[in-house]
Amino acid sequence: MSGLLARVPSTPPLLLRRLAIANLVAQIGIGVTGSVVRVTGSGLGCSAWPECEPGSMVPVSHAEIAPLHMWIEFGNRLLGVLVVLAAGATLLGVLFTRPRRRRLTALACAMPLGVVAQAVIGGITVLAGLVWWTVMLHFLASMVLVWFAVLLVGATTEDDGPVTRMLPAAGRGLVLLSTAVLAVLLVAGTLVTAAGPHGGDPDTPRLDIDIPVLAQLHVDALFGYLGLLAGLGFLLHAVGAPPALHRRFRTLIAVVLAQGALGGVQYALGVPELLVSLHVLGAGLVTAAAAWVWAGTAVRPAPPAPAPPANASGSGADRPLAGADRG
């Protein structure tokens, strides 16, 4: 078996990167479709798990649940299959990359494991009747997977060699602190949602805390995060950070400002359904942009060119390997 696997061509770097990007898009997308389930009140469109209804994997018509709610929830579960396929394909691509890279392999393995964990949380959410804290965990787990998916994309063009730090210790500490505040910001956002009108089902109990109080907490966290990002921006200029890191930082600033503006409009208009889903998309994009800045503070060397298959002919198999195109 090992001899057979050795004859399989190594995954091309460009294909590997595209698989990782597809996995990232899937991780963000499933969060958005989950929000559609929530804002349409379709969270219990399938009353069982992993079946849709007891004894049936597909929706079964009955008077208690509207057909539209059934198919919205069932459609979200089908999209979950695409997330599994994207994570699995990325893992296979990484496993067939030669030479094998430890960090890349670890991040790729985290994707299907995270999807399985999400499936378990999703099942608990349904069986618990969409109680607010289970929905909260479901969303936050998605953001964690988005973060690791971004690191995986970056790792496709990196080797396991020594790390070059792009910022001094104070700068790395500031990035770490801003990441912690981002986590607080995301948690505060889920608390606002938990107390708001979109619970996934009209009969789902909501978090019994005044929405204005939670919204103020969310806004305070946003201003704190923006303040830290402003400090980080000055630091990047002061230490002469590389242009690539500046570009990533500017992207993060733009996404955070757009997300903040969208949140304000959403709150002022009484959280209409479309804006709620767009805000969830924005949360995924903010998380991805923040992870991309994080990844840009530590640069690793490019991976070597893949080794030829065991049955490759010609003396080229014995020549030194050249550096691979970073894609």
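The values are calculated or read from the model by the stated rules, or taken from the named source; none is laboratory data. These numbers were taken from a predicted model, which means no experiment stands behind them. All Cβ positions, even for glycine, are placed from backbone atoms using ideal geometry, and neighbour counts span all protein chains on display. Remember, those area values only see protein heavy atoms, side chains included, never the ligands or the DNA or RNA. Shrake-Rupley method; radii C 1.70, N 1.55, O 1.52, S 1.80 Å.
VAL175 versus (1) farther than 30 Å from PRO304 by Cβ; (2) of a type in the set (A, V, I, L, M); (3) modelled with pLDDT of 90 or more: which is the lone unmet condition?
So VAL175 meets the others, but not (1).
Here's the yes/no breakdown for (1) under 26 Å from LEU235 (Cα atoms); (2) among the hydrophobic types (A, V, I, L, M, F, W, C):
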site: PHE148; (1), (2): yes, yes
site: GLU158; (1), (2): yes, no
site: VAL163; (1), (2): yes, yes
site: GLY171; (1), (2): yes, no
site: LEU176; (1), (2): yes, yes
site: ALA180; (1), (2): yes, yes
site: VAL187; (1), (2): no, yes
site: PRO205; (1), (2): no, no
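Return yes or no: is THR11 at pLDDT 85 or above, of a type outside the set (A, V, I, L, M), buried (at least 16 other Cβ atoms within 10 Å of the Cβ) and touching a Phe, Trp or Tyr at 6+ places or on another chain (Cβ under 8 Å)? Break it down stepwise before answering.
Details: at pLDDT 85 or above: yes; of a type outside the set (A, V, I, L, M): yes; buried (at least 16 other Cβ atoms within 10 Å of the Cβ): yes; touching a Phe, Trp or Tyr at 6+ places or on another chain (Cβ under 8 Å): yes.
Judged against the criteria, THR11 is a match.
Can you pull out the residues in region 91-121 that are among the β-branched types (Val, Ile, Thr) and out of contact with any Ser or Thr (no Cβ under 9 Å at 6 or more places or on another chain)?
First, pick out the residues of region 91-121 that are among the β-branched types (Val, Ile, Thr): 94, 97, 105, 115-116, 120-121.
VAL115, VAL116, VAL120, listed by residue number.
Mind listing whichever residues of region 187-196 are farther than 19 Å from GLY43 by Cα and open to solvent by 30 Å² or more (accessible area, probe 1.4 Å)?
VAL187
In region 197-223, which residues are part of a helix (DSSP H, G or I) and open to solvent by 30 Å² or more (accessible area, probe 1.4 Å)? Walk me through it before giving the result.
Pass one, region 197-223, residues part of a helix (DSSP H, G or I): 211-223.
The answer is ILE211, PRO212, VAL213, GLN216, LEU217, HIS218, VAL219, ASP220, LEU222, PHE223.
Residue-by-condition table, conditions (1) buried (at least 19 other Cβ atoms within 10 Å of the Cβ); (2) among the aromatic types (Phe, Trp, Tyr); (3) within 24 Å of VAL286 (Cβ to Cβ):
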{"position": "ASN23", "(1), (2), (3)": "yes, no, yes"}
{"position": "GLY41", "(1), (2), (3)": "yes, no, no"}
{"position": "CYS52", "(1), (2), (3)": "yes, no, no"}
{"position": "HIS69", "(1), (2), (3)": "yes, no, no"}
{"position": "GLU73", "(1), (2), (3)": "yes, no, no"}
{"position": "ASN76", "(1), (2), (3)": "yes, no, yes"}
{"position": "LEU92", "(1), (2), (3)": "no, no, no"}
{"position": "MET111", "(1), (2), (3)": "yes, no, yes"}
{"position": "GLY129", "(1), (2), (3)": "no, no, no"}
